[in-house]
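> The structure is given below, and queries will be raised subsequently.
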Amino acid sequence: MERWFNVGKIVNTHGINGEVRVISRTDFPEKRYAKGNHLSLFLKGNKEPITLTVKSHRKHKNFDLLSFEGYSNINDVESWKNSILKVSADQLEELPEGEYYFHEIIGCTVITEDGSPIGIVNDILTPGANDVWVVQGKDGKEFLIPYIDDVVLKVSKADKTIVINLMEGLLD
């Protein structure tokens, strides 16, 4: 079964020439929305995506404006409102060392250096300077683990484990 990852949501049309207004959900808009790139459109209620080829991309206010080959009229794209643009797993960029996609971290087991289990990462917060991993303990209690070098010592995507330095006060 193919895995899909959201890169944006079409919220409206823009003008009459088939351009759509997108709220971007990707860290790589310049690559994802590059002319000639392929995106998959998931319309509400449809399980099968429509493959689109980017014709143009530009920024306007807080939106990314996209047009697609073969869709040059507002009537062609009007029904796309509230649809999701996605890419398949094979279209994901290779990230530099120490950077991870959310799907690679969520579901990982967090353990201390001595192997004591803390819980499972079930969410990631992005409040500012660094991400914060939300870990659900066995007793249902949530712990907030900052993704900083002093705390996160090792991430094994293959084993789905994260080793942390249990600093004083971290689990209080």
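> Within the range 1-25, can you find the residues that are in a loop (DSSP other than H, G, I, E, B) and surrounded by 13 or more Cβ atoms within 10 Å (Cβ to Cβ)?
Those that are in a loop (DSSP other than H, G, I, E, B) and surrounded by 13 or more Cβ atoms within 10 Å (Cβ to Cβ): Asn17, Gly18, Arg25.
> If I filter the range 43-65 for residues that are basic (Lys, Arg), under 30 Å from Tyr147 (Cα atoms) and at pLDDT 95 or above, do I get at least one hit?
Looking through the range 43-65, none of the residues is basic (Lys, Arg), under 30 Å from Tyr147 (Cα atoms) and at pLDDT 95 or above.
> Has the range 26-48 got any residue that is part of a loop (DSSP other than H, G, I, E, B) and touching a helix residue (DSSP H, G or I) at 6+ places or on another chain (Cβ under 6 Å)?
Yes, the range 26-48 contains at least one residue that is part of a loop (DSSP other than H, G, I, E, B) and touching a helix residue (DSSP H, G or I) at 6+ places or on another chain (Cβ under 6 Å).
> Here is a further query. So, in the range 42-68, of the ones that are buried (at least 16 other Cβ atoms within 10 Å of the Cβ) and among the hydrophobic types (A, V, I, L, M, F, W, C), which residue ends up nearest to Lys86 (Cα to Cα)?
Phe42
> From the set of residues in the range 153-165 that are in contact with a Phe, Trp or Tyr (Cβ under 8 Å, 6 or more places away or on another chain) and part of a strand (DSSP E or B), which is surrounded by the most Cβ atoms within 10 Å (Cβ to Cβ)?
If we filter the range 153-165 for residues that are in contact with a Phe, Trp or Tyr (Cβ under 8 Å, 6 or more places away or on another chain), which is where we start, we get 155, 157, 162.
If we keep only those that are part of a strand (DSSP E or B) too, we end up with 155, 162.
Details: Val155: 18, Ile162: 25.
For the range 153-165, the residue satisfying everything is Ile162.
> For Gly128, work out the one condition from (1) closer than 26 Å to Leu95 by Cα; (2) in contact with a Phe, Trp or Tyr (Cβ under 8 Å, 6 or more places away or on another chain) it doesn't fulfil.
Unmet condition: (2).
> What are the residues in the range 99-147 that are farther than 10 Å from Ile164 by Cα, in contact with an Asp or Glu (Cβ under 9 Å, 6 or more places away or on another chain), in a loop (DSSP other than H, G, I, E, B) and without any contact (Cβ under 8 Å) to a residue 40 or more places away in the chain, if any?
Ile106
> Related question: Evaluate the following for Ile106: is it among the hydrophobic types (A, V, I, L, M, F, W, C), within 30 Å of Gly45 (Cα to Cα) and not assigned by TED's automatic domain parsing to the domain that holds Arg21?
Spelling it out, Ile106 is indeed among the hydrophobic types (A, V, I, L, M, F, W, C), within 30 Å of Gly45 (Cα to Cα) and not assigned by TED's automatic domain parsing to the domain that holds Arg21.
> Answer yes or no as to whether Val87 is in contact (Cβ under 8 Å) with a residue 60 or more places away in the chain, in contact with a Ser or Thr (Cβ under 8 Å, 6 or more places away or on another chain), closer than 18 Å to His38 by Cα and outside any strand (DSSP E or B).
No.
> Let me spell it out: the conditions are (1) touching a residue at least 12 places away in the same chain (Cβ under 8 Å); (2) assigned to a strand (DSSP E or B); (3) out of contact with any helix residue (DSSP H, G or I) (no Cβ under 8 Å at 6 or more places or on another chain), and Asn82 meets all of them except one. Which number is the exception?
Evaluating Asn82 over (1) touching a residue at least 12 places away in the same chain (Cβ under 8 Å); (2) assigned to a strand (DSSP E or B); (3) out of contact with any helix residue (DSSP H, G or I) (no Cβ under 8 Å at 6 or more places or on another chain) leaves (2) as the failure.
> I would also like to ask the following. Please determine, by comparing only the residues of the range 82-129 that are modelled with pLDDT of 95 or more, surrounded by 15 or more Cβ atoms within 10 Å (Cβ to Cβ) and not hydrophobic (A, V, I, L, M, F, W, C), which one is nearest to Ala158 (Cα to Cα).
Here the residue is Thr109.
> For the subset of the range 1-24 comprising residues that are over 22 Å from Glu78 (Cβ atoms) and not hydrophobic (A, V, I, L, M, F, W, C), which member is modelled with the highest pLDDT?
Checked the range 1-24; the qualifying residue modelled with the highest pLDDT is Arg3.
The values are calculated or read from the model by the stated rules, or taken from the named source; none is laboratory data. Note that the structure is a prediction, hence the values are computed from the model and not measured. Here the Cβ is made from the backbone with ideal geometry for all residues, glycine too, and neighbour counts use every protein chain on show.
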